[in-house]
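Everything below concerns the one structure shown next.
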Amino acid sequence: MVERRRTRQVKVGGVRVGGDAPISIQSMTKVDTSDVKAVVAQVKRLEAAGCEIIRVAIKDLDDAAAVKDIKKNIHIPIVCDIHFNYKLALKCIKSGADKIRLNPGNMRNKDEITQVVKAAKKAGIPIRIGLNSGSVFARLQPAAINQKVSLPSALIGSALAYIKIFEDLDFRDIIVSLKASDVDTTVEAYRKMARLCDYPMHLGVTASGSYDQGVIKSSIGLGALLLDGIGDTVRVSLTADPAEEVIAAKRILSSVGLRSFGPDVISCPTCGRCQVDLSSIVKQVEDGVKDLGQKFKGIRIAVMGCEVNGPGEAKDADIGIAFGRASGVIFKKGKIVKKVDVNNAVKELLKLL
Ligand code: SF4
């Protein structure tokens, strides 16, 4: 059982982040933010997939103005991602943003930061201090190397300087992120930062790559931190459909036992003993249970390829099946309840569930 780091709690719209709140899942839209119709359609698809907080890129004042209409048509809190121009943050706050993300790598004017912090305080919304390696390392890397400061420490130094400005303004509705594109820098930065403040952390490995590469990097990076108890909201960054980011985040959180979103389907890798098309059977079981939701959360279903090693796992699960040549034996809570033909196996298994 993971013992989570104790943090302050902030509210992003109706979603609590930090403290004892469940670790929330976020993603980012991948269409032009000023195209309200396209953004709303994408957000609704992400909401259906399980996204709990959505972030949009704000590149100009048209995007900032669109936030108002987007917000009216979606059900989850909206975060505005701001780089370079503090005026965009001010406009987004006026448009009803539920949270602002600022990048210390490209917004360093103290007066401008102060204006954003004061506006966020007045609106009662949090700000994420969102460091990422691309923008911060480019500025800090030469100095860091000269002074023999590690890059994670340079990232942290940048975050702490920002936090100081916020705290001097008596603003503590802060979320911190320290994303790098390599796993070890990301993990080291978050681990060190976790010891230095009690602000909630938004976890992510930035620019992690295509689906295959990105899921692996994110699983290792986020998994290591989550098992340390670090992390209050997560975004898996993938060069892929954003719905895949949400599904990957759900899988990471359920794999480390921090959240459950429905039944947990386990299956064997198959070997020369397996005489059925287990991969297709597992896919059918996963599809059959994916919409069962909270009522079935935590229930374990085992789908095993043979009668040699299969029954052991199948017995340990809440419901399990171990296949022979053309049939399967279904177990429920460790006891055999049915022998079924391979063609009816999935149907019978789901019926028992
Ligand atoms: Fe092979 Fe059977 Fe183990 Fe599956 S359960 S990997 S088929 S021995």
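The values are calculated or read from the model by the stated rules, or taken from the named source; none is laboratory data. Quick caveat: nothing in here was measured; it's all calculated off a predicted structure. Counting neighbours? That spans all protein chains shown, and the Cβs are built from the backbone with ideal geometry, glycine included. We work out accessible area using only protein heavy atoms, side chains counted, and drop any ligands, DNA or RNA first. Shrake-Rupley method; radii C 1.70, N 1.55, O 1.52, S 1.80 Å.
What the table shows:
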read-out: Dipole magnitude of segment 264-352, debye to nearest 20 (Cβ charges: Lys/Arg +1, Asp/Glu -1, about Cα centre); value: 320 debye
read-out: Pair-distance profile P(r), taking every C-alpha pair of the chain, with 10 angstrom steps and integer %; value: 5, 23, 29, 21, 12, 8, 2, 0
read-out: Dipole in debye (nearest 20) - the chain, about Cα centre, beta carbon charges: Lys, Arg +1; Asp, Glu -1; value: 720 debye
read-out: Leading residue at positive end of dipole, the chain (Cβ point charges), from 102, 234, 174; value: 174
read-out: Value at 222 nm in deg cm²/dmol, rounded to 500, when DSSP H runs of n ≥ 4 in the chain each add -39,500 (n - 2.57); value: -14000 deg cm²/dmol
read-out: Prolate/oblate/rounded label for segment 1-142 (Cα gyration tensor, a/c 1.5); value: rounded
read-out: Candidates 26, 294, 213, ranked by Gaussian network fluctuation over the chain, Cα under 10 Å, top entry; value: 294
read-out: Restricting segment 1-102 to GluC sites (Glu not before Pro) in coil, as DSSP defines it, with at most 15 other Cβ within 10 Å; value: 3
read-out: Cα-centre dipole for segment 146-294 with unit charges at Cβ (Lys and Arg positive, Asp and Glu negative), debye to 20; value: 360 debye
read-out: Accessible area of segment 59-137 belonging to carbon and sulfur atoms, whole % at 1.4 Å probe; value: 49 percent
read-out: Prolate/oblate/rounded label for segment 272-322 (Cα gyration tensor, a/c 1.5); value: oblate
read-out: Most positive-pole-ward Cα, 26, 183, 115, against dipole of segment 9-255 from beta carbon charges; value: 115
read-out: DSSP loop trypsin sites (Lys or Arg not before Pro) with at most 11 other Cβ within 10 Å excluded, longest remaining stretch of the chain; value: 149-324
read-out: Solvent-accessible area per residue for the chain (1.4 angstrom probe, square angstrom); value: 46 Å²
read-out: Cysteines (scope the chain) whose Cβ has no counterpart Cys Cβ under 4.7 Å; value: 51, 197, 268, 271, 274, 306
